[in-house]
Amino acid sequence: MPRRPTSDRDCSRALWLLGLSAPVTADELTAAYRARISQAHPDRHVGSAERSEAANTLTRALNDARATVAEWIGSGRDWPVAAAHAVNGSSRPASRPPRPAEPAGPAPVCRRTGLRAGDLVRVWPYDGDARAVAGTVFASRYAPAWVVLEDGSEVPAERVRLASFACPVCGICAGPPVEHPTLRPCPECLVDLRRLERHAAEAGRVRSAIEARAQAGMATAEGLGDARMAERARDRRGWARRLRSAPPDDLHAALISAFTNAFDRWAA
Ligand SMILES: [Zn+2]
C-alpha cells in the first residue's frame, strides 16, 4: 500500500500506467495488471542489462499502481478527472495506453535528454521524416535513456536528433523543413547552461561554441532555404561576436541571461 495518502494525481497516474480509464472494477484492475506485468517481466529482457533494469523498475511501478487503484476501489472515493501525463520518468507502460486528453500546458522537459513530448526528431541515420516524441524512459540516473516515439517504438537516445527546430540562443537549426519549426534551446545550449551555472570560468569556451553553432546554423538554414532561420542564426552569431571583448563577469551574466530567458520561455 502507498505510504502517504493517495491523491487524485496518484490515482490518475496509476490508471494511466495500467492503461485503464476510470471507473475501474477489481476484475478489470487484475486483468490490466496481469497484461502489463507479463510484458514487463525481467525474464523477457535478459539480453540487455539496461532493458532488464528498466523492466524491474517498471514491475515495481506496476505493483505500486495496482496497490493505488485497489485502494481507490476499496475506498469508494470519486474517480479523478482524467488528466494527461507525459512519459518522462523512470517507468512507463509496456504498451501504449489510450491517448490521454489534451494536456493543459506544455509537457515536462526530460532532464536527461532535453526532449519533451511533441518535439520532432529524426532517427539514425537522420535522413528520414521528422517523427514526434511521446516521451523518454530510463531505468536509473546512469542507465542510457530511450526515446519513445508517437507510434510506440523506442530508440536509444543517442540515435535520435532534434529535427525541424531552431535554437533562439545559438541559432543552430535542423531540417527537414516544416511549416512551423520548433523554437527551442538546442541540447548543447541546455548543457552549456548547466555548466555555466556551476563554472563561471567556462564562459569563454561557451561563447566560442555558440559562435561556431551560429555559423553552422547559418549554413544549415541556407541549405534548407529558410530565410527566417538564416536571419536568426546570423543575429546570434553577431551577438556572440560582440561578446568576444566583454569582461568575464559581463560575459558570464550575458550568457546566463540568454540561456535562462530562452529556457524559461520554452519550458513555461
Ligand atoms: Zn543552442
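The values are calculated or read from the model by the stated rules, or taken from the named source; none is laboratory data. Owing to the predicted nature of the structure, the values given are computational and were not obtained by experimental measurement. Note that we place each Cβ from the backbone using ideal geometry, even for glycine, and neighbour counts take in every protein chain shown. Ligands, DNA and RNA are stripped out before the accessible areas are found, and what is left, the full protein with its side chains, is counted by its heavy atoms. Shrake-Rupley method; radii C 1.70, N 1.55, O 1.52, S 1.80 Å.
In the set (1) part of a loop (DSSP other than H, G, I, E, B); (2) open to solvent by less than 60 Å² (accessible area, probe 1.4 Å), the condition left unmet by Ala209 is number (1).
Out of curiosity, is Ile256 modelled with pLDDT of 95 or more and open to solvent by less than 80 Å² (accessible area, probe 1.4 Å)? It is false that Ile256 is modelled with pLDDT of 95 or more and open to solvent by less than 80 Å² (accessible area, probe 1.4 Å). Among the numbered criteria (1) at pLDDT 90 or above; (2) over 17 Å from Met218 (Cβ atoms); (3) near the ligand (Cβ under 10 Å from one of its atoms), which one does Arg159 miss? It is condition (3) that Arg159 fails. Might you let me know whether segment 114-126 holds any residue that is of a type in the set (Lys, Arg), touching a residue at least 40 places away in the same chain (Cβ under 8 Å), more than 16 Å from the ligand (Cβ to nearest atom) and part of a strand (DSSP E or B)? For segment 114-126, residues of a type in the set (Lys, Arg), touching a residue at least 40 places away in the same chain (Cβ under 8 Å), more than 16 Å from the ligand (Cβ to nearest atom) and part of a strand (DSSP E or B): present.
When segment 221-235 is filtered for residues that are open to solvent by 40 Å² or more (accessible area, probe 1.4 Å) and in a helix (DSSP H, G or I), the ones remaining, listed by number, are Glu222, Gly223, Leu224, Ala227, Arg228, Glu231, Arg232, Arg234, Asp235. Only one of the numbered conditions (1) modelled with pLDDT of 95 or more; (2) surrounded by 15 or more Cβ atoms within 10 Å (Cβ to Cβ) is violated by Pro187, and that is (1).
Listed here are the residues, each with its yes/no results for (1) without any contact (Cβ under 8 Å) to a residue 40 or more places away in the chain; (2) touching a Leu at 6+ places or on another chain (Cβ under 7 Å); (3) within 18 Å of Cys167 (Cα to Cα).
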site: Ala214; (1), (2), (3): no, no, yes
site: Gly225; (1), (2), (3): no, no, yes
site: Glu231; (1), (2), (3): yes, no, yes
site: Arg237; (1), (2), (3): no, no, yes
site: Arg242; (1), (2), (3): yes, no, no
site: Leu251; (1), (2), (3): no, yes, no
site: Leu255; (1), (2), (3): no, yes, yes
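Restricting attention to segment 166-187 and to residues that are part of a strand (DSSP E or B) and more than 10 Å from the ligand (Cβ to nearest atom), the residue that is farthest from Arg234 (Cα to Cα) turns out to be Thr182. What single numbered condition from (1) open to solvent by 20 Å² or more (accessible area, probe 1.4 Å); (2) modelled with pLDDT of 85 or more; (3) in a loop (DSSP other than H, G, I, E, B) fails to hold for Ala132? Here Ala132 clears every test but (3).
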